[in-house]
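Colleague: Before anything else, here's the structure in question.
The values are calculated or read from the model by the stated rules, or taken from the named source; none is laboratory data. Keep in mind it's a predicted model, so treat the numbers as computed, not measured. Cβ atoms come from the backbone with ideal geometry, glycine included; neighbour counts cover every protein chain shown. Accessible surface is based on the protein model in full, side chains and every heavy atom, while ligands, DNA and RNA are left aside. Shrake-Rupley method; radii C 1.70, N 1.55, O 1.52, S 1.80 Å.
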Amino acid sequence: MKICCYPGSFDPLTNGHVSIAKNATKLFDRVIILVANNSEKHSLLTVDERVELIKEVFKNDKNIVVMSTDKLVAKKAKELNACCMVRGLRAVSDYEYEYSLNEMNKHIEESIPTIYLMAAPEYSFLSSSAVKELLKYDQDITSLVPKPVSDYLKKKQQ
Ligand code: ADP
């Protein structure tokens, strides 16, 4: 069975993330969405909230699995028998960050390469931080994130 990990913060999961995860299922038998517990980042949702929401979004996709990790994602991917990690690329601006992250991950776990899937043009502007910014100003985010995510965030804001 070919397994890949799709690591990230997913704070919150957006339609861009969904598109990358679904495309990854065309290449792999199992896609493990790995919510990294990165305490450095100021987060909107707890890791457990993110995992539960992502599970709800993909409840009908039997080959997408969701879990969190406190470990380095490259190490966790190896532990999970993944052959590689998947990341999404939007604009050129992602490239520089992903380039250094890739170098770091190769240093950490040489046997787990990262492959990159291009964002769909309609999501190339979409990021979790943009969603958080819109929420701050009480703007509608329903077209940017899956329904369970917008419902949950709306409820949380009340
Ligand atoms: P991180 O905090 O690790 O950068 P994110 O949760 O922001 O994690 O994103 C996880 C991965 O998904 C990254 O590779 C990022 O480039 C990618 N990604 C984020 N938003 C989109 C989008 N709109 N379309 C495609 N890929 C995306």
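Colleague: Return the subset of LYS22/LYS78; LYS78/LYS154; LYS55/LYS154; LYS106/LYS132 for which the Cα-Cα distance in this structure is over 29 Å, preserving the input order. The partial results should precede the final answer.
Modeller: Details: LYS22/LYS78 21 Å; LYS78/LYS154 37 Å; LYS55/LYS154 18 Å; LYS106/LYS132 31 Å.
Exceeds cut-off: LYS78/LYS154; LYS106/LYS132.
Colleague: Here is a follow-up. What residues have an amide H closer than 5 Å to that of SER68, excluding those fewer than 5 places away on the same chain, when H is modeled at 1.01 Å from N in the peptide plane?
Modeller: Result for SER68 returns VAL35.
Colleague: Looking only at chymotrypsin sites (Phe, Trp or Tyr not before Pro) in DSSP loops with at most 13 other Cβ atoms within 10 Å, what is the longest site-free stretch of the chain? Numbers along the way, then the final one.
Modeller: Working: sites that count: PHE125, TYR137.
My reading of the result: 1-124 is the longest stretch.
Colleague: Set Lys and Arg Cβ to +1 and Asp and Glu Cβ to -1, take the dipole of the chain about its Cα centre, and tell me which of THR69, SER39, LEU135 lies farthest positive.
Modeller: Farthest towards the positive pole: THR69.
Colleague: Based on Cα coordinates alone, diagonalise the gyration tensor for the chain, multiply each eigenvalue by 5, take square roots, and list the semi-axes in whole Å, largest first. Don't jump to the answer; show the numbers that get you there.
Modeller: Numbers: eigenvalues 123, 57, 48 Å².
Rounded to whole Å, the semi-axes are 25, 17, 15.
Colleague: Here is a follow-up. Per residue, how large is the accessible surface of the chain? Use a 1.4 angstrom probe and give square angstrom. If you can, show how the numbers build up before the last one.
Modeller: Working: 9140 Å² over 158 residues.
Per residue, the chain has an accessible area of 58 Å².
Colleague: Per residue and in Å³, how big is the convex hull formed by the alpha-carbon atoms of segment 58-104?
Modeller: Once divided by residue count, the hull of segment 58-104 is 110 Å³.
Colleague: With +1 on each Lys and Arg Cβ and -1 on each Asp and Glu Cβ, and nothing else charged, work out how big the dipole of segment 76-158 is about its Cα centre, in Debye to the nearest 20. Write out the running numbers ahead of the final one.
Modeller: Working: 11 positive and 12 negative charges, 81 e Å.
Computed charge dipole of segment 76-158: roughly 400 debye.
Colleague: While we're looking at this one, here's another question. What residues from segment 13-28 fall in the zone where the backbone N is under 19 Å from a label point 7 Å along the Cα-to-C-beta line of ILE115?
Modeller: Zone members listed by number: 17-28.
Colleague: For segment 29-123, state which trypsin sites (Lys or Arg not before Pro) are in a DSSP loop and have at most 15 other beta carbons lying within 10 Å of their beta carbon. Kindly include the intermediate steps, with their values, before the conclusion.
Modeller: Values: sites: ARG30, LYS41, ARG50, LYS55, LYS59, LYS62, LYS71, LYS75, LYS76, LYS78, ARG87, ARG90, LYS106; in loops: LYS41, LYS59, LYS62, LYS71, ARG90.
When the trypsin sites (Lys or Arg not before Pro) of segment 29-123 are filtered for loop state and at most 15 Cβ neighbours within 10 Å, LYS41, LYS59, LYS62, LYS71 remain.
Colleague: Counting only protein heavy atoms, what percent of the accessible surface of the chain is carbon or sulfur at a 1.4 Å probe? Let's see the in-between values first.
Modeller: Numbers: 4750 of 9140 Å².
Carbon and sulfur together cover 52 percent of it.
Colleague: Still on this model: Show me the GluC sites (Glu not before Pro) within segment 102-131 that DSSP assigns to loop and that have at most 15 other Cβ atoms within 10 Å of their Cβ.
Modeller: Numbers: sites: GLU103, GLU109, GLU110, GLU122; in loops: GLU109, GLU110.
Those satisfying the criteria are GLU110.
Colleague: Now for a different question. Is there a quick way to get the dipole size of the chain? I mean about its Cα centre, with the Cβ of Lys and Arg at +1 and of Asp and Glu at -1; what is the value in debye to the nearest 20? Write out the running numbers ahead of the final one.
Modeller: Details: 22 positive and 21 negative charges, 89 e Å.
Using only the charged Cβ atoms, the result is roughly 420 debye.
Colleague: Another question, if that's okay. Mind checking which of MET85, CYS4, ASN105 is farthest towards the positive end of the chain's charge dipole, using Cβ charges of +1 (Lys, Arg) and -1 (Asp, Glu) about the Cα centre?
Modeller: CYS4
Colleague: Quote the charge dipole size of segment 1-91 about the Cα centre in Debye, to the nearest 20; the model charges only the Cβ of Lys and Arg (+1) and of Asp and Glu (-1).
Modeller: Roughly 440 debye, rounded to the nearest 20.
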